[in-house]
Structures are given as structure tokens and as C-alpha cells.
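What follows is one structure encoded as C-alpha cells, with my remarks underneath.
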Amino acid sequence: MNINIQQEFEMLFEHYPALEVCRASIWTSFRLLSDCYHRKGLIMACGNGGSAADAEHLTGELMKGFKMRRPLSNDRQTRIRTLFPEEGDFLTQNLQQAIPAISLVSQTSLSTAFINDVHADMVFAQQVWGYGKTGDVLIGFSTSGNSRSVVNACKIAKASGLRTIGFTGEKPSRLLELCDVTIQVPAHEVYRIQELHLPVYHTLCAMLEIEAFGQQ
């Protein structure tokens, strides 16, 4: 166990003691995400409204430096400099290593076409079907845990061999039934649930970043 990962994990509960009830589910989520990264898998995220913003936010933290510098490895830098010697410095100094992730709410043309031509409740499921492969992870944000588009995406993820993580409130829900692990933050009101989702996924991003790049 990397001591820095453990420190990030414990710091979450120091700052947000109410989240202690989610300790086990947060840790299990980290292990699923870590395994996905090491298998060179893809992390997908989806949600509606404020939860769509959380899906975007999470993806942004994974795809670029969050709390650490993520310089390219020496062999990647060498390849780029060899191919493009005049621009090598600029290209290599302005790229960062990424944890592959995509927000399913961002695909505007695809989403609006699918909503118009097929069905809005399947807009995320279609993307999971198209992008997903065994070993990938789908993260579904839903304050109720019952958002149909997110629930359907999780169903197709399970049918496609993906692992699933749900972010919900404390009430029982369809995501709790469907997901491999569900982080049920201890709140009922929508905005309170979202306020607690933020530090959880920030912590997961920080832990995963250390796991992926902490030995540099």
C-alpha cells in the first residue's frame, strides 16, 4: 500500500466525518478504478443535470494533471522528438500523461441525434455499448439512484462485462441493486448529495493519480 494513497483516503474522513459510512464502498471503488487503469481500460462517467457536471468534472481531473505533475515518459518524449525535431520541445512539454476517461454527457451531436431519433433514456446506454469493453468501468451519478438513462447505462455495462460504480444518496435505489459498488453519501436533498459527491470523487482521482504516476 502506497502511504500517500492511504493518506489521501484518510484525509477525506478527517475533512468530512459524515462520509465515514461510505469508507468501504469508496475503497472498493478505488480498487475497481485502479484495476481498470492497469488493464489499460477506459473509465466512463454519466449523469443528468448537476450530476452531468460531476461526470464532466471527474473526467477532467483524470485526463490531465490533478495534484501531481504528469510528464511524458522518456521513451514517449524521444519518439515525439525524433518524429518532429523542430517542435519536439513544445509538444513534449505541453502534453501530460492521462488516465483514460470519457464523459458520456459531452457527445453533443451523437446525444441529440439519439435522443431525437431513438430514445432519451438510452442515450448513455448506446455509448456504453459502443465504447465499452470487458474490464472498463462505468461511473453513474444519480442523486436519486433511479435516473432512467443512468440505470439503463449500468444495465448495458453489466451485460457488456464492465464494472459499475454508482454515486447516489442514502436512500435505496436501482443503482444500489445494479452496481458492483454504490457510494451512498449520507444525505437526502439533491444539493447536499452533490456537495458530498464532490470530495469523494476528488479523493478517488487523487488516489488513482498516485497509483498511476506516483513512482515518477
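The values are calculated or read from the model by the stated rules, or taken from the named source; none is laboratory data. Because the structure is predicted, anything quoted here is derived from the model rather than measured. Virtual Cβ from ideal backbone geometry, glycine too; neighbours counted across all protein chains shown. SASA here: full protein model, heavy atoms, side chains in, ligands and nucleic acids out. Shrake-Rupley method; radii C 1.70, N 1.55, O 1.52, S 1.80 Å.
Quick notes
- If you go through the range 179-210 and keep only what is buried (at least 23 other Cβ atoms within 10 Å of the Cβ) and assigned to a loop (DSSP other than H, G, I, E, B), you end up with 179, 185.
- Spans of helices (runs of 4 or more DSSP H) in the range 19-113 with at least 3 residues open to solvent by less than 70 Å² (accessible area, probe 1.4 Å): 23-38, 50-63, 88-93
- In the range 123-139, the residues that are free of Cβ contacts under 8 Å to residues at least 40 places away in the same chain and open to solvent by less than 70 Å² (accessible area, probe 1.4 Å): 123, 125, 130
- Verdict on residue 142 being open to solvent by less than 30 Å² (accessible area, probe 1.4 Å), more than 16 Å from the chain's Cα centre (by Cα) and not aromatic (Phe, Trp, Tyr): no
- Leading residue by the ranking (farthest from residue 198 (Cα to Cα)) among those in the range 59-94 that are of a type in the set (Phe, Trp, Tyr) and without any contact (Cβ under 8 Å) to a residue 40 or more places away in the chain: 84
- Of all residue pairs spaced 6 or more apart or on separate chains, those with beta-carbon atoms under 9 Å, a first member in the range 108-122 that is within 13 Å of residue 46 (Cα to Cα) and touching a residue at least 12 places away in the same chain (Cβ under 8 Å) and a second member that is aromatic (Phe, Trp, Tyr) and open to solvent by less than 70 Å² (accessible area, probe 1.4 Å) are 111/124; 122/114.
- With respect to the conditions (1) more than 19 Å from residue 28 (Cβ to Cβ); (2) touching a strand residue (DSSP E or B) at 6+ places or on another chain (Cβ under 9 Å); (3) assigned to a helix (DSSP H, G or I), residue 152 falls short on a single one, namely (2).
- Cβ pairs under 6 Å, 6+ apart, first in the range 164-184 and closer than 18 Å to residue 50 by Cα, second open to solvent by 20 Å² or more (accessible area, probe 1.4 Å) and of a type in the set (Asp, Glu): 184/170
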